[in-house]
Amino acid sequence: MTLIALSVVRDRNSGLFELFRISPITTFELIMGKLIAFGLFAGAVAGSTILLLVFGLRVPVLAQPGWIALVAGVLIAASLGLGLVIAAVSDSEPQAVQLSLLLLLASVFFSGFVLAISEFSEPVRSLIYVLPVANGIRLLQDFLFRGGTVVIWQLWLLAALAVGYIVLAWILLRRAVARA
């Protein structure tokens, strides 16, 4: 999330958006290029981490590898989409880093990793699910350790978050490219 946000903010501050404006590239192509590049990088990191868990630490995997790859892929897409939204609303690199770190702290404390989500009151509990990691942690735990999940709605929610964040970033960045 932080890397893609910094990349876009750096492109905007270095004057690349002016070049994008006069080039035949569209904002959609710019976003897709960033998503593919950083998605491949994040996918390699996620794949290496899962392989290390399974073969290095002998963590049992009860689900089909395709389910785990699907959850990891949708989680990466939602996180990168959120990073693009951060980039679109940030004016400088320090601001993008600060917003990313605030979201990281919120993700750690409110995602069920430190405190159970059920311990929060209902308005807060509903807001927690807009963080991609809250859904990703539960889904990966279910698929890795239980072989399946009973909260398939979280997979659909994660996919909707990915689409929603990417569309929101496209709208905001389209305005930024047009103003450049």
Leading residue by the ranking (farthest from Val130 (Cα to Cα)) among those in the stretch 65-81 that are open to solvent by 20 Å² or more (accessible area, probe 1.4 Å) and among the aliphatic types (A, V, I, L, M): Ala69
Please determine, by comparing only the residues of the stretch 141-160 that are within 15 Å of the chain's Cα centre (by Cα) and of a type outside the set (S, T, N, Q), which one is surrounded by the most Cβ atoms within 10 Å (Cβ to Cβ). Leu158
State all residues of the stretch 155-174 that are in contact with a Phe, Trp or Tyr (Cβ under 8 Å, 6 or more places away or on another chain) and aromatic (Phe, Trp, Tyr); if no residue qualifies, say none. Trp170
All but one of (1) outside any helix (DSSP H, G or I); (2) closer than 12 Å to Leu131 by Cα hold for Asp91; which doesn't? (2)
Considering the stretch 1-45, residues that are in a helix (DSSP H, G or I) and hydroxyl-bearing (Ser, Thr, Tyr), and then whichever is farthest from Ser79 (Cα to Cα), we arrive at Thr27
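What is the residue count in the stretch 116-132 for residues that are of a type in the set (D, E, K, R) and either surrounded by 10 or more Cβ atoms within 10 Å (Cβ to Cβ) or in contact with a strand residue (DSSP E or B) (Cβ under 7 Å, 6 or more places away or on another chain) (or both)?
1
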Determine if the stretch 71-86 includes at least one residue that is out of contact with any helix residue (DSSP H, G or I) (no Cβ under 6 Å at 6 or more places or on another chain) and either touching a residue at least 60 places away in the same chain (Cβ under 8 Å) or at positive phi (or both). no
Quick one: Leu158 ticks every box in (1) touching a Ser or Thr at 6+ places or on another chain (Cβ under 8 Å); (2) over 21 Å from Leu6 (Cα atoms); (3) in contact (Cβ under 8 Å) with a residue 24 or more places away in the chain; (4) not basic (Lys, Arg) except a single one, so which number is it? (1)
Do you know which residues across the stretch 38-64 are open to solvent by 60 Å² or more (accessible area, probe 1.4 Å), under 24 Å from the mean Cα position of the chain (by Cα) and not β-branched (Val, Ile, Thr)? Leu40, Phe41, Ser48, Leu51, Leu52, Leu53, Gln64
Looking at the stretch 161-177, which of the residues that are more than 18 Å from the chain's Cα centre (by Cα) and touching a residue at least 12 places away in the same chain (Cβ under 8 Å) is most open to solvent (accessible area, probe 1.4 Å)? Arg174
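The values are calculated or read from the model by the stated rules, or taken from the named source; none is laboratory data. Quick caveat: nothing in here was measured; it's all calculated off a predicted structure. Methodologically, a virtual Cβ is constructed for each residue, glycine included, from the backbone with ideal geometry; neighbour enumeration extends over all protein chains shown. Only protein heavy atoms, including side chains, enter the accessible area calculation; ligands, DNA and RNA are left aside. Shrake-Rupley method; radii C 1.70, N 1.55, O 1.52, S 1.80 Å.
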